[in-house]
1. Just flag the trypsin sites (Lys or Arg not before Pro) in the stretch 52-150 sitting in loop per DSSP whose Cβ has no more than 16 other Cβ atoms within 10 Å.
2. Return the long-range amide H neighbours of Val24 (sequence gap of 5 or more, or a different chain), with a cut-off of under 5 Å between placed amide H atoms.
3. Dividing the convex hull volume of the alpha carbon atoms of the stretch 28-184 by its residue count, what do you get in Å³ per residue?
4. Starting from the Cα of Lys156, draw a straight line to each of the aspartates and glutamates and keep only those under 17 Å, dropping any in the same chain fewer than 8 residues away.
5. Given an 8 Å cut-off on Cα distances and at least 6 residues of separation, report the relative contact order of the chain as a percent.
6. What's the carbon and sulfur percent of the chain's accessible surface, probe 1.4 angstrom, rounded to a whole number?
7. Out of all DSSP beta bridges in the chain, what portion is antiparallel? Express it as a percent rounded to 5.
8. Under 11 Å from the Cβ of Leu136, count the other residues' Cβ atoms, weight Lys and Arg +1, Asp and Glu -1, and hand me the total.
Amino acid sequence: INSIKLRYEKRMVNAMSNKAKIAVTMATVISLGGVAWTQSREGTVLKPYYDSVKVATIGTGTTVYPNGKTVKITDPPITKKKAAEYLQFHMNKDAKIFNKTLIGIPLSQAEYDLYMDFTYQFGTGAWSQSSMLRNLKSRNYVQACKSLLKWKYAAKRDCSIRSNNCYGVWTRQQARYEKCMGAQ
């Protein structure tokens, strides 16, 4: 019993490590740190605004309310609590599709969180067609990280060029890339 307990404790310590890879299941969820990272990168604005591709947005990147209605620039402001609820709702919804694409693929929590953040920003359709996913399926983790840097465009503008007024898209990709490489 003691050796079983010791092996279990070791496995739990490894699972909590930033680099320990665990196979993704339908029950895999983004960590609280991952949600906070998305919030900090996405930013939270309590009144409607136009994002970098001119889509009406509110809260932490919400373009469609949980009830299915599209955000309009004339909508009233929301609270920070509502913004957090909308973010969690959309991330949970995205995770159902995201997780299906990754079942059985070992990822660390840090990798899962950053790819979930990507999916939140670019959508499940973009994720499902991405070279990141193809590379993860073939267990080519470093190449998957490098593929993040391909996603530097918004409305056909190269966001790595500061004057294109979407530079935040590029800096977010660079941050994801650094976090991803750190998990390898």
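The values are calculated or read from the model by the stated rules, or taken from the named source; none is laboratory data. Computed from a prediction, not measured in an experiment: that's the story for all the values here. Every residue, glycine as well, gets a Cβ built from its backbone with ideal geometry; the counts of neighbours run over all protein chains shown. Remember, those area values only see protein heavy atoms, side chains included, never the ligands or the DNA or RNA. Shrake-Rupley method; radii C 1.70, N 1.55, O 1.52, S 1.80 Å.
1. Working: sites: Lys54, Lys69, Lys72, Lys80, Lys81, Lys82, Lys93, Lys96, Lys100, Arg134, Lys137, Arg139, Lys146, Lys150; in loops: Lys54, Lys69, Lys72, Arg139.
Of the trypsin sites (Lys or Arg not before Pro), the ones in loops of the stretch 52-150 whose Cβ has at most 16 other Cβ atoms within 10 Å are Lys54, Lys69, Lys72, Arg139.
2. Result for Val24 returns Gly104, Ile105, Leu107.
3. On the way: hull volume 16.6 nm³, N = 157.
Each residue corresponds to 106 Å³ of Cα convex hull volume.
4. Candidates past the 8-residue exclusion: Asp51.
5. Working: 246 pairs, mean separation 39.1, N = 184.
Relative contact order of the chain: 21 percent.
6. Working: 6000 of 10400 Å².
For the chain, the apolar C and S fraction of the accessible surface comes to 58 percent.
7. For the chain, the DSSP antiparallel bridge percentage is about 90.
8. Working: positive: Lys21, Arg134, Lys137, Arg139; negative: Glu111.
Residues close to Leu136 contribute a combined charge of +3.
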